[in-house]
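Okay, structure first, notes after.
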Amino acid sequence: MQKFAAALFTILMTQGFYGLEQQRAFALPDYKKEFFNLYVDKSATDPNAKAFAEAANSKAGKCYVCHVNVKTLDEKKLKSKSVRNNYGKAITEFISKDDFKEMKKADKEKAMTALREAIEKTGALKADPSDSDSPTYDELIASGKLPGNGKPDPDDLEKAKAARDAKAK
């Protein structure tokens, strides 16, 4: 009986920890899903649309449309997907992850509409706001390129470092 109780306790604790981890990241699949619904046409025949679909579905695409692969940075032990690129940061001008989570709890359909609108508005922004000749994110996508520049947002990078350093203490 003690072995059974110990096994049950272990299972419940493990599931509890995994459940918490899954709940923390639930907004991210929605962002990716909406982005892919808006921009990725897997059956595209246009060379640029086809190139974009391939890029978005590649290892370098998917999460790295908005985020920077922290393993490529000179920093050690940063949390995965804790650092966004310029495109990922630009989306937050229209909707934050926390606001989206709250909206989704109240009304999932309304939250998804707001997310879709935020992604569409972001597409109209210049990829480099300091350069008047810079293409918009939509223009980059239409040319077959991923919208993000692959460079870490400085604010996100500092927050990720601070979180890492606080955890190390």
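The values are calculated or read from the model by the stated rules, or taken from the named source; none is laboratory data. Because the structure is predicted, anything quoted here is derived from the model rather than measured. Note that we place each Cβ from the backbone using ideal geometry, even for glycine, and neighbour counts take in every protein chain shown.
So, in segment 61-75, of the ones that are charged (D, E, K, R) and free of Cβ contacts under 8 Å to residues at least 24 places away in the same chain, which residue ends up nearest to Asp155 (Cα to Cα)?
First pass over segment 61-75, keeping only residues charged (D, E, K, R): 62, 71, 74-75.
If we keep only those that are free of Cβ contacts under 8 Å to residues at least 24 places away in the same chain as well, we get 71, 74.
Working: Lys71: 18, Asp74: 16 Å.
Among residues in segment 61-75 that are charged (D, E, K, R) and free of Cβ contacts under 8 Å to residues at least 24 places away in the same chain, the one nearest to Asp155 (Cα to Cα) is Asp74.
Residue by residue through segment 76-91, note down the ones that are more than 12 Å from Lys159 (Cβ to Cβ) and surrounded by fewer than 17 Cβ atoms within 10 Å (Cβ to Cβ).
Lys76, Lys77, Ser80 - these are the residues of segment 76-91 that are more than 12 Å from Lys159 (Cβ to Cβ) and surrounded by fewer than 17 Cβ atoms within 10 Å (Cβ to Cβ).
Can you spot a residue in segment 128-138 that is touching a helix residue (DSSP H, G or I) at 6+ places or on another chain (Cβ under 6 Å) and either in a helix (DSSP H, G or I) or modelled with pLDDT under 95 (or both)? Full working, then the answer.
Here is the first cut: in segment 128-138, the residues touching a helix residue (DSSP H, G or I) at 6+ places or on another chain (Cβ under 6 Å) are 137-138.
Add one more test, that the residue is either in a helix (DSSP H, G or I) or modelled with pLDDT under 95 (or both), and what stays is 137-138.
Checked segment 128-138: at least one residue is touching a helix residue (DSSP H, G or I) at 6+ places or on another chain (Cβ under 6 Å) and either in a helix (DSSP H, G or I) or modelled with pLDDT under 95 (or both).
Give the number of residues within segment 139-169 that are closer than 22 Å to Leu73 by Cα and either of a type outside the set (D, E, K, R) or in a helix (DSSP H, G or I) (or both).
Number of matching residues: 21.
Please identify the pairs in which a residue from segment 86-107 that is in contact (Cβ under 8 Å) with a residue 24 or more places away in the chain has its Cβ atom under 6 Å from the Cβ atom of a residue that is β-branched (Val, Ile, Thr), counting only partners at least 6 apart or on another chain.
Hits for this filter: Ala90/Thr122; Ile91/Thr122.
I'd like the full set of residues that are surrounded by fewer than 15 Cβ atoms within 10 Å (Cβ to Cβ) and either free of Cβ contacts under 8 Å to residues at least 40 places away in the same chain or within 16 Å of Phe36 (Cβ to Cβ) (or both), limited to segment 135-154.
Pro154
Please verify whether segment 47-60 includes one or more residues that are in a loop (DSSP other than H, G, I, E, B), within 29 Å of Arg164 (Cα to Cα) and free of Cβ contacts under 8 Å to residues at least 60 places away in the same chain.
If we filter segment 47-60 for residues that are in a loop (DSSP other than H, G, I, E, B), which is where we start, we get 58-60.
From what's left, within 29 Å of Arg164 (Cα to Cα): 58-60.
Within this subset, residues satisfying the condition of being free of Cβ contacts under 8 Å to residues at least 60 places away in the same chain are 58-59.
The answer is yes, given that some residue of segment 47-60 is in a loop (DSSP other than H, G, I, E, B), within 29 Å of Arg164 (Cα to Cα) and free of Cβ contacts under 8 Å to residues at least 60 places away in the same chain.
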